[in-house]
Amino acid sequence: MSTPSRTPEQEPSPDRAEYNAFFPSPYSLSQFTASRTGAQPVVYDNANPGGRWKVLMVGTDERYMTMANGRKFSTGNHPVETLLPLYHLDQAGFQVDVATISGQSVKLEMWAMPSEDELVTGTHQKYLAKLDNPLKLSDVVQTALGPNSPYLAVFLPGGHGAMLGLPQSPELGQVLRWAVQHDKLVIALCHGPASLLAAQVGAEGQAFAFEGYEICAFPDGMDKQTPAIGYVPGPMPWYMGERLKALGVKILNTDITGRCHQDGLLVTGDSPLASDALGRLAVQALRQRAA
């Protein structure tokens with residue numbers, strides 16, 4: 001059922017692959033996506049001499065978010081929020097392993113791919129095999145989190161898909177608590193901080209691992225506004241900011257300006273607008289730890 005105040009251009013577009021599922025409206029795509037990001041190529045001195053250190057990216061393997069009205073939103077990880085930070089990590093010499101909960105492919109919001117941005121599309125092609133055939137997160141937990149782990153950081157890309165499965169994952173909870181205990185970086189962007197909620201799974205009765213941290217993230221206030229222009233096909237099923245704040249996390253921003261912030265081991269950004277700057281900040285932080 002249409003929202004009366006919406007114009008036809010603001011109506012979500014049907015996803016013909018799934019019943020009662022929708023892509024963002026043409027109007028919202030015109031406002032929030034573009035064919036180019038404006039990011040420029042960068043050359044780093046090798047921040048990972050000898051190739052010792054890796055970064056673990058944990059993506060979503062789920063496509064559809066069921067909204068509060070029962071409609072499904074065709075989502076995944078946002079391609080800019082995934083691939084621009086990956087570009088910087090790769091350019092700085094860090095090998096990136098990709099994992100999902102199931103070991104099934106990472107789902108990307110291809111409707112948001114900046115098709116004329118060679119920096120982003122080139123990174124997509126370079127990492128396509130890993131995105132299509134990721135590691136299974138439970139295998140990573142069992143084999144790669146010991147005292148000699150090669151991972152220097154965990155990267156949680158954004159997109160509403162980061163709210164699907166990952167916040168409830170015991171395996172991701174183990175990864176995040178390990179990262180905090182061993183002073184590894186945690187890099188999260190836009191809706192990616194929703195995945196931080198996993199740190200409480202399997203740690204009942206303990207303090208939340210990210211209690212007291214300050215972050216930038218996509219604001220709940222905007223998630224409450226986007227149904228009006230058809231970016232999502234209904235109200236959110238839950239709000240990331242509300243749950244993080246209830247666990248003692250402070251969200252610094254109320255809008256999206258491309259703001260990034262580092263609080264100790266936690267490196268965050270507010271939206272796709274922050275993707276390029278977040279990648280640069282992450283490389284800077286990784287360089288200090290890899291030295």
key: Yes/no for P219 being without any contact (Cβ under 8 Å) to a residue 60 or more places away in the chain, closer than 30 Å to P8 by Cβ and open to solvent by less than 40 Å² (accessible area, probe 1.4 Å)   = yes
query = Among the numbered criteria (1) touching a helix residue (DSSP H, G or I) at 6+ places or on another chain (Cβ under 7 Å); (2) farther than 26 Å from Q104 by Cβ; (3) aliphatic (A, V, I, L, M), which single criterion is violated by A228?
reply = (1)
ask   = Looking at (1) open to solvent by less than 10 Å² (accessible area, probe 1.4 Å); (2) at pLDDT 95 or above, which is the one condition that is false for E211?
value = (1)
ask   = Any idea which of (1) in contact with a Lys or Arg (Cβ under 6 Å, 6 or more places away or on another chain); (2) crowded, with 21+ Cβ neighbours inside 10 Å is the one I229 doesn't satisfy?
value = (1)
request  = Inspect the range 268-286 for any residue being open to solvent by 40 Å² or more (accessible area, probe 1.4 Å), under 27 Å from F23 (Cβ atoms) and of a type in the set (S, T, N, Q) and give the result as yes or no.
outcome  = no
ask   = Quick one: L166 ticks every box in (1) among the aliphatic types (A, V, I, L, M); (2) free of Cβ contacts under 8 Å to residues at least 60 places away in the same chain; (3) open to solvent by less than 20 Å² (accessible area, probe 1.4 Å) bar one, so which box is it?
value = (2)
Residue satisfying all of: in the range 169-181; of a type outside the set (A, V, I, L, M, F, W, C) and under 16 Å from I101 (Cβ atoms); surrounded by the fewest Cβ atoms within 10 Å (Cβ to Cβ) among these = P170
task = Look through A17, A47 and report the one residue that is over 23 Å from T121 (Cα atoms), among the small types (G, A, S), open to solvent by less than 50 Å² (accessible area, probe 1.4 Å) and out of contact with any His (no Cβ under 9 Å at 6 or more places or on another chain).
result = A47
task = Need at least 3 residues that are open to solvent by less than 40 Å² (accessible area, probe 1.4 Å) and either in contact with a Ser or Thr (Cβ under 7 Å, 6 or more places away or on another chain) or touching a residue at least 12 places away in the same chain (Cβ under 8 Å) (or both) per element, so show me which strands (runs of 3 or more DSSP E) inside the range 51-154 make the cut, counting only ones lying wholly within it.
result = 54-58, 95-100
task = Quick one: in the range 235-262, of everything that is touching a strand residue (DSSP E or B) at 6+ places or on another chain (Cβ under 9 Å) and open to solvent by 40 Å² or more (accessible area, probe 1.4 Å), which residue is farthest from P167 (Cα to Cα)?
result = R259
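The values are calculated or read from the model by the stated rules, or taken from the named source; none is laboratory data. Note that the coordinates shown come from a computational prediction; the quantities given were computed from them, not determined experimentally. Note that we place each Cβ from the backbone using ideal geometry, even for glycine, and neighbour counts take in every protein chain shown. In case anyone asks, the SASA skips ligands and DNA or RNA and just uses the protein heavy atoms, side chains included. Shrake-Rupley method; radii C 1.70, N 1.55, O 1.52, S 1.80 Å.
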